[in-house]
Amino acid sequence: MLPPLARRFVAGESAATALERARRLDEDDIGTILNLLGEHYHERAPADADTETYCRLIDDIGTTDLRVCLSVKPSQLGLLVGEDVFRENLARIVERAAGRDIFVWLDMEDHTTTDATLDAFERHAGEHAVGVCVQANLKRTGDDLERLAGLPGNVRLVKGAYDPPADIAHQSTARVDQAYEAHLEYMFEQFDDGIAVGSHDPAMLARAATLHDEYGMPYEIQMLMGVREDAQRDLAGHREVWQYVPYGSRWLSYFYRRVTENVGSAKFALRALLG
Ligand code: FAD
């Protein structure tokens, strides 16, 4: 059972509660990106089980008229077990989703998974409705965007939630922000479509709005459940807004990350869980 504070960041443990959340967001004209919590599996069984759960979720979404897509983590689908396992499980999800006209995003995890994730995206782009996330804190992202500019499919730009080593990643907040803005500009200049701004940062959102006015390219804003929700509702009045909504029984580590990011206190999170 989710403690009250976790309910701010996680929709619940079941698909039914996640879809109920999507229904409420729909009333505010906000689309829902559903993520079944789970990651870093080193055995095949949980990866296959989550793939099966995603397939059932796709069927459930298909019975609604809600604007819902999925976002999956490569290590949840078995990337750390083997690239073939990840490929197989992703193909199952993407093909099942295509049958229901449901979009599938690939989250980007730590830097050791970047190549496999981009390769997987490239395999499905063009044939299926897929998107991939890239991280502004990685120095390679400029090159990756050049590769992605030539492909169909959508790209979500985020600052990066992992801590890659200094030789491959920008370390200071200012440098990451600078890279984010430069990448945004490249996307608005070079992409035909499919730009997703995954940020809560008013400065990045303002930059995207300016670039949109300059280049005329459509874009969507993506934010997390529980973070700046008033802003999400305000923005939905004049922009396309999607909320990333995690659900499932493996909520503890996700919730812990959000609370330490937002409140800056691990003690606060633990007290909330125990209390
Ligand atoms: P930050 O740099 O955290 O904050 C900048 C400014 O934004 C703050 O100074 C403040 O003004 C404002 N702000 C931020 N949070 C709040 C708040 N709670 N209340 C009020 N103001 C606030 N990372 C990955 O590595 N891989 C992924 O696949 C991935 N997917 C994501 C999907 C979505 C939809 C989103 C929104 C993020 C995703 N991330 C992912 C996380 C991302 O990399 C960042 O770690 C996270 O979004 C924090 O960066 P930020 O740009 O939102 O702003």
Task: Near pairs, Cβ below 6 angstrom, 6+ apart or cross-chain, from the stretch 160-183 (touching a residue at least 40 places away in the same chain (Cβ under 8 Å) and open to solvent by less than 40 Å² (accessible area, probe 1.4 Å)) to any residue that is part of a loop (DSSP other than H, G, I, E, B) and more than 12 Å from the ligand (Cβ to nearest atom) - done: VAL176/HIS170; ALA179/HIS170
TODO: Run down PRO218, PRO165 and say which single residue is more than 11 Å from the ligand (Cβ to nearest atom) and either touching a strand residue (DSSP E or B) at 6+ places or on another chain (Cβ under 6 Å) or within 20 Å of LEU138 (Cα to Cα) (or both).
DONE: PRO165
Open item on the list: So for the stretch 68-86 (the condition being out of contact with any Phe, Trp or Tyr (no Cβ under 7 Å at 6 or more places or on another chain), open to solvent by less than 10 Å² (accessible area, probe 1.4 Å) and of a type outside the set (A, V, I, L, M, F, W, C)), does at least one residue qualify?
Closed with: no
Task: Whichever residue in the stretch 51-67 is touching a Gly at 6+ places or on another chain (Cβ under 9 Å) and open to solvent by 10 Å² or more (accessible area, probe 1.4 Å) and, among such residues, is nearest to ARG87 (Cα to Cα) - done: THR53
Open item on the list: Take the residues in the stretch 74-92 that are among the charged types (D, E, K, R) and in contact (Cβ under 8 Å) with a residue 12 or more places away in the chain; name whichever of them is nearest to ASP110 (Cα to Cα).
Closed with: GLU83
Open item on the list: Being in contact with a strand residue (DSSP E or B) (Cβ under 6 Å, 6 or more places away or on another chain), open to solvent by 10 Å² or more (accessible area, probe 1.4 Å) and either over 20 Å from GLU261 (Cα atoms) or more than 13 Å from the ligand (Cβ to nearest atom) (or both) is the filter here; which residues of the stretch 140-159 pass it?
Closed with: ASP144, LEU151, PRO152, GLY153, ASN154, ARG156
TODO: Return yes when LEU90 is within 25 Å of ALA208 (Cβ to Cβ) and either aliphatic (A, V, I, L, M) or modelled with pLDDT of 95 or more (or both) and no when it is not.
DONE: no
- [ ] Being in contact with a strand residue (DSSP E or B) (Cβ under 6 Å, 6 or more places away or on another chain) and more than 15 Å from ASP26 (Cα to Cα) is the filter; apply it to the stretch 225-253 and report the residue that is farthest from the ligand (Cβ to nearest atom).
- [x] GLY248
- [ ] Sort through VAL134, VAL130 and tell me the only one that's open to solvent by less than 20 Å² (accessible area, probe 1.4 Å), in contact with a helix residue (DSSP H, G or I) (Cβ under 6 Å, 6 or more places away or on another chain) and over 15 Å from GLU181 (Cα atoms).
- [x] VAL130
Task: Leading residue by the ranking (most open to solvent (accessible area, probe 1.4 Å)) among those in the stretch 192-204 that are modelled with pLDDT under 95 and within 19 Å of the chain's Cα centre (by Cα) - done: ASP193
Open item on the list: Can you find, within the stretch 175-212, the residue that is farthest from LEU224 (Cα to Cα) among those that are among the polar types (S, T, N, Q) and more than 12 Å from the ligand (Cβ to nearest atom)?
Closed with: GLN190
Open item on the list: I need the full set of residues from the stretch 7-24 which are in contact (Cβ under 8 Å) with a residue 12 or more places away in the chain and either more than 17 Å from THR63 (Cα to Cα) or open to solvent by less than 10 Å² (accessible area, probe 1.4 Å) (or both), in order please.
Closed with: ARG8, PHE9, VAL10, ALA11, GLY12, GLU13, ALA18, ALA22
Task: Filtered residues of the stretch 117-126 (kept if more than 16 Å from GLY194 (Cβ to Cβ) and within 14 Å of the ligand (Cβ to nearest atom)) - done: THR117, ALA120
Task: Flag for THR32 being closer than 25 Å to VAL259 by Cβ and either acidic (Asp, Glu) or open to solvent by less than 80 Å² (accessible area, probe 1.4 Å) (or both) - done: yes
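The values are calculated or read from the model by the stated rules, or taken from the named source; none is laboratory data. Model, not experiment: these values are computed from the prediction. Cβ sites come from the backbone with ideal geometry, for glycine too, and all protein chains shown count toward neighbours. All accessible areas refer to the heavy atoms of the entire protein, side chains included, with ligands and DNA or RNA removed. Shrake-Rupley method; radii C 1.70, N 1.55, O 1.52, S 1.80 Å.
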